[in-house]
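The values are calculated or read from the model by the stated rules, or taken from the named source; none is laboratory data. This is a predicted model, so every value here is computed, not measured. Counting neighbours? That spans all protein chains shown, and the Cβs are built from the backbone with ideal geometry, glycine included.
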Amino acid sequence: MPNIPSSPLLPEQASDVARSVDHLMLFALSGLVIFSALIAALVLVFMIRYRRTHEGQVGEDIYETNPKSHVLEIVWSVIPLGLLLILFGWGTRVFFEQNRPPAGAAQYWVTGRQWMWKIQHPNGRREINELHVPMGQAVQLRMISEDVIHDFFVPAFRVHVDVLPTRYTTYWFKANRTGEFHLFCGQYCGTEHSKMVGKVVVMEPRAYEAWLANEPAAGAVPAVASGEQLFVAKSCNTCHRPDSSARAPVLNGLFGTQVTLQDGTKVTANEDYVRESILNPGAKIVQGYQPVMPTFKGQVTEEELIQLVNYVKTLKAPDGGAAEARK
Amino acid sequence: MSVETHGASDLAHHFDSYEQQKESATLGMWTFLVTEILFFGGLFAAYSLYRSLYPEAFRAASHTLDIRLGALNTAVLIGSSLTMALAVRGGQIGKPKVTFGMLLATLALGSTFLGVKAIEYADKFHHHHVPGALFHFEGPDAVHAQLFFSLYFGMTGLHALHMIIGVAILAGMLRPALRGAWTPRNHNFLEGMGLYWHFVDLVWIFLFPLLYLIGRHH
Amino acid sequence: MTTSPNPAPSLEAPRTHYLNAAYGLRSWLFTRDHKRIALLYLVSVSVFFALGGLMAVLIRMELATPDGDLFQPDIYNRLFTMHGVLMIFFFLIPGIPAVLGNFLIPLMIGAKDLAFPRINLLSWYLYTAGGLFTLWALLHGGVDTGWTFYTPLSTNYVNTSVLTVGVGIFIAGFSSILTGLNFVITIHRMRAPGLTWFRLPLFVWGHYATSIIQILGTPVIAITILMIAAERTLHIGFFDPKLGGDPVLFQHLFWFYSHPAVYIMILPAMGVVSELVATFARKPIFGYRFVAFASIGIAVLGFLVWGHHMFVAGESIYAGVVFSVLSMLVAVPSAIKVFNWTATLYKGSISWDTPMLYALGFIGLFTIGGLTGVMLATLGIDAHVHDTYFIIAHFHYIMVGGAIMGYLGGLHFWWPKITGRLYPVFWSKLSALVIFIGFNVTFFPQFILGYLGMPRRYHSYPPEFQVLNVMSSAGATVLGLGYLMPLVYFVWSMRYGPRATANPWGATGLEWQTTSPPPVENFTVRPVVTAPPYTYASAPAGKEAADVG
């Protein structure tokens, strides 16, 4: 069972980001309390103090008679505006913290589908509806959906990120305490939406290693290795070879570079680009090549795509020497 | 918008003057056209987004449209705007026969437009360029070419629907026109219809370059 | 508003007024009188409110226990979807404009009717047709996509009556557009002599701002529904990833309307509250022009903030930053209104009549709803509470605590004008109190639930959330009882309530210068306006009402 929150008002803080969010919330909350208490107090005091005492009594129009009225209005427009901008700035800072993984984060892959989470560890180990991670290590999840829009939500980390069927989105956290934490689907996704839940298990790094080692041998093929097998099985290698007679762009050293397309525009060869080029090769034709590649839509699953993308990422430029041995 | 003008007296009971009635009708029609702009706006937004994402596919798909038929239809519609303006003029100066004749001409031109559009649509069916299970497109990026045709049918279809409604209203206006229903004092309905027709014409003036012309030089 | 009705018309209850000028069903179904059309709307929106409320009760019953043990999940999903659809499209959006606005705008500006009476009737028929489509879909199992209809779930993955409900909303949308159009033209062209823009009651300003949104926003949701329908039935791809589309585009188009739609609900309520505060403090609204322009400001800025619904939807974080700061800006005119209402109370002559209690409830609940909205506009907080119960609590504070309190406050205020009858004072004050308490008990715990991480639209939930959910469900019972009370005493008062005088509250405003209920043509003598609104200092003050207790 996931831990029961230690405080009735706050979910557990299991990352530094969570603490940042709580501080921000506390600031916003104190603003809320002060302003609503002020309004409530003024309203109640005026209601009693200026209660109508006899019929025929009318109120006093202080606006027209007092030349300072406009000043007052400007004051109560500008002060809230200033406070709002502070809140905006602070909130934006925290948001960047929530959305920008540090360099060197371990990369996990998440596939969402109606109604389960499929997770793959960097070493290839897979789990369903559970994510085991080591404490103190930055973890980056690259997420995609096989069907509708889902959303990866762990209250203890204070972040939501939608999981889209069109491209990869990123979720990251660095857990700072061990324990089990709720994992929810945060975007309504159909009948069993409320069953698309699981848990994140944060372990001591050593315990995590032990847990990984405990894996039955069959499943633990790293994504890169299974990607390489797929690359051959789907015959990608017949055209995408690092030799001059190949009919298709060389993939070695491709990842992360700028690719020039037929119409002269440039795109970055990132994970989304590789995935799109497998599913819909005609969408972005590389300059100097013919649109001859068939689509693999319907022939590879999202998980297989993840493996292929991972493999393509590892292909080093020919001068690096690593890739030449292959094929 | 000036449907209020029919009845025994052509000044509705809740207006103080013909001037107020006319101003209300005109402002009402303009406001209605603003809603129409936003109605088309959703499709234009989708078009702009997808065109910027998949310029190559859109260019290739756009090439299959018949630019001559598109240009012919543009000329037909501009002509119909002229006859519509003359019909309104006929109402303003109290010449029912002019109004009748020009409405008839507008009706004919509008129907011509729809006829040409039908020919184009038939051609799309013939070439399997209609999105759906039977869609087929020779080109590298058939998926996004299909998206172009979705938008093509969405935008021209919505436009054609406005044309059909316009033509139906025009047909209903012929008899009243001959009867002299629109006088220099009160021709609000005629004028409102004129605004509507010009608006539909204007939409096409945007659709034609967006769908047929952009990227043609490649 | 001071007027010079010359010669002074009789303000005795008239023998013939709009209610008894004609009898029979036909006289109602074919009426072009804005006052009768307002009553047609009153009856129909009440039906939808009751249905939507019934679903809310069932939802709260299910959530009283963590396990989904009362309904199957697909039933529960239909319940919250239909609750949202009925409440938003068929109660909150038409609510104040089509009932109170319809009845009052011509009266307030000294006109005989709206500019286009037949179109006004057409609006009601369109609304009814849209409602019938939706009810028909309800009988066929309803929809389980959530009222937001996110693609590709709504287009490819559910086989419930998406199309029928879509058609219903599409038709009702045109009713909303036509109402807005009618109001704009009427306010521009039909004002009484001397009634300049800055002599208009703030209720009219609020409705003018609302109408702008109805005119500019609603067509976008209409075309979006058509695109969904084309995708669902003809497989013409617009949003479907399998057909090359982008489902997030749908969210942009949807929220381009549906965020401003929130202001369709709240701006008229703000207009009502301005009237109530001025009337029951017997003095002009502090900073009339500021409050008037704040309405327009909210309407305009409201169109620039839709992206704050998509902070975590894969939108670029820089787009998020822009939408966040714009959303902060829209809070300023709302804050101005709250401060100006509060300042109006200062040195007022305040009576604690029922409508005023509702207005105060509005101010309190709207303040909390607005400030939690500011939290949601804050990127770092939204990334955590997005699509949790925090959101649910926030928008119920705005829509139920704000819009419905305003609606009920307005109904209590103008009921004597509409029906010519008074309602029991004690029961009505009690209802305001019960609703206020019930509302807070229902929705305040949901803020905490949301921050704790309970996602919305969950049929079952982890057991540690139960205590707060039980509180919420208990509060909903109180709230439900609170809403039943006005229904009972309003119906009672139509037959048994004491007769109201022309101006039972001693209010300014042209609608109080004619009889209760007003004659068919609204005024026996065309009013001429010579002063700004709410000039109580020179008006003959004093209640003429004989209250009943």
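Tabulated data
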{"read-out": "Qualifying residue in the stretch C:514-537 (condition: within 28 Å of the chain's Cα centre (by Cα), in a helix (DSSP H, G or I), surrounded by 16 or more Cβ atoms within 10 Å (Cβ to Cβ) and away from chain A (no Cβ under 14 Å))", "value": "no"}
{"read-out": "Test: residue in the stretch A:80-91 that is of a type in the set (Val, Ile, Thr), closer than 26 Å to C:Thr367 by Cα and either at pLDDT below 95 or surrounded by 18 or more Cβ atoms within 10 Å (Cβ to Cβ) (or both)", "value": "no"}
{"read-out": "Among the candidates A:Gly186, A:Gly198, A:Gly227, residue that is farther than 30 Å from C:Phe80 by Cα, in contact with a Phe, Trp or Tyr (Cβ under 6 Å, 6 or more places away or on another chain) and crowded, with 19+ Cβ neighbours inside 10 Å", "value": "A:Gly227"}
{"read-out": "Answer from C:Gly314, C:Gly287, C:Gly297 - the residue that is of a type in the set (Gly, Ala, Ser) and either more than 30 Å from C:Val248 (Cβ to Cβ) or out of contact with any helix residue (DSSP H, G or I) (no Cβ under 7 Å at 6 or more places or on another chain) (or both)", "value": "C:Gly287"}
{"read-out": "The stretch C:123-173, residues that are over 17 Å from A:Val148 (Cα atoms), crowded, with 19+ Cβ neighbours inside 10 Å and within 14 Å of chain A (Cβ to nearest Cβ)", "value": "C:Gly142"}
{"read-out": "Whichever residue in the stretch B:80-103 is touching a helix residue (DSSP H, G or I) at 6+ places or on another chain (Cβ under 6 Å) and of a type in the set (S, T, N, Q) and, among such residues, is farthest from B:His187 (Cα to Cα)", "value": "B:Ser80"}
{"read-out": "Helices (runs of 4 or more DSSP H) (entirely within the stretch C:267-377) containing at least 1 residues that are surrounded by fewer than 24 Cβ atoms within 10 Å (Cβ to Cβ), hydroxyl-bearing (Ser, Thr, Tyr) and free of Cβ contacts under 8 Å to residues at least 12 places away in the same chain", "value": "C:317-345"}
{"read-out": "Criterion (touching a Ser or Thr at 6+ places or on another chain (Cβ under 9 Å) and either more than 8 Å from every other protein chain (Cβ to nearest Cβ) or closer than 26 Å to C:Arg289 by Cα (or both)) met by exactly one of A:Ile48, A:Ile34, A:Ile62", "value": "A:Ile62"}
{"read-out": "Strands (runs of 3 or more DSSP E) wholly inside the stretch A:108-199 containing at least 2 residues that are within 14 Å of chain C (Cβ to nearest Cβ) and in contact (Cβ under 8 Å) with a residue 12 or more places away in the chain", "value": "A:138-145, A:150-154, A:159-163, A:169-174, A:179-185"}
{"read-out": "Qualifying residue in the stretch A:87-105 (condition: away from chain C (no Cβ under 13 Å), under 15 Å from the mean Cα position of the chain (by Cα), in a strand (DSSP E or B) and of a type outside the set (Lys, Arg))", "value": "no"}
{"read-out": "Residues of the stretch A:6-31 that turn out to be without any contact (Cβ under 8 Å) to a residue 12 or more places away in the chain, part of a helix (DSSP H, G or I) and facing chain C (nearest Cβ under 7 Å), as a count", "value": "1"}
{"read-out": "Exclusive hit being more than 14 Å from chain A (Cβ to nearest Cβ) and within 29 Å of B:Phe153 (Cα to Cα), set C:Leu243, C:Leu253", "value": "C:Leu253"}
{"read-out": "Test set (1) within 12 Å of another protein chain (Cβ to nearest Cβ); (2) within 30 Å of C:Glu511 (Cβ to Cβ) - C:Leu422 fails condition number", "value": "(1)"}
{"read-out": "Candidate set from the stretch A:232-274 (those that are of a type in the set (S, T, N, Q) and in a strand (DSSP E or B)); member that is nearest to the chain's Cα centre (by Cα)", "value": "A:Thr268"}
{"read-out": "Identity of the residue in the stretch C:373-388, out of contact with any strand residue (DSSP E or B) (no Cβ under 6 Å at 6 or more places or on another chain) and more than 7 Å from chain A (Cβ to nearest Cβ), that ends up nearest to C:Asn440 (Cα to Cα)", "value": "C:Gly373"}
{"read-out": "Qualifying residue in the stretch C:221-239 (condition: within 11 Å of another protein chain (Cβ to nearest Cβ) and either over 30 Å from A:Asp151 (Cα atoms) or under 21 Å from the mean Cα position of the chain (by Cα) (or both))", "value": "yes"}
{"read-out": "Any pair with Cβ under 6 angstrom, 6 or more apart, that starts in the stretch C:444-471 at a residue that is within 7 Å of another protein chain (Cβ to nearest Cβ) and ends at one that is of a type in the set (Ser, Thr, Tyr)", "value": "C:Pro455/C:Thr388; C:Arg457/A:Tyr188; C:Tyr458/A:Ser194; C:His459/A:Ser194; C:His459/C:Tyr76; C:Ser460/A:Ser194"}
{"read-out": "Members of the stretch C:199-220 found to be within 13 Å of another protein chain (Cβ to nearest Cβ) and not β-branched (Val, Ile, Thr), listed by number", "value": "C:Tyr208, C:Ser211, C:Gln214, C:Leu216, C:Gly217, C:Pro219"}
{"read-out": "Every residue from the stretch C:135-163 that is outside any loop (DSSP other than H, G, I, E, B) and in contact with a Leu (Cβ under 9 Å, 6 or more places away or on another chain)", "value": "C:Leu135, C:Ala137, C:Leu138"}
{"read-out": "Qualifying residues in the stretch C:306-331 (those that are over 27 Å from A:Met143 (Cβ atoms) and under 21 Å from the mean Cα position of the chain (by Cα)) - the one nearest to the other protein chains (Cβ to nearest Cβ)", "value": "C:Ala331"}
{"read-out": "Which numbered condition A:Arg241 fails, given (1) at pLDDT 80 or above; (2) basic (Lys, Arg); (3) more than 20 Å from A:Thr166 (Cα to Cα); (4) crowded, with 17+ Cβ neighbours inside 10 Å", "value": "(1)"}
{"read-out": "The stretch C:1-40, subset assigned to a loop (DSSP other than H, G, I, E, B) and hydrophobic (A, V, I, L, M, F, W, C), residue modelled with the lowest pLDDT", "value": "C:Met1"}
{"read-out": "Tally, over the stretch C:517-532, of residues that are over 29 Å from C:Ala22 (Cα atoms) and in contact with a helix residue (DSSP H, G or I) (Cβ under 8 Å, 6 or more places away or on another chain)", "value": "3"}
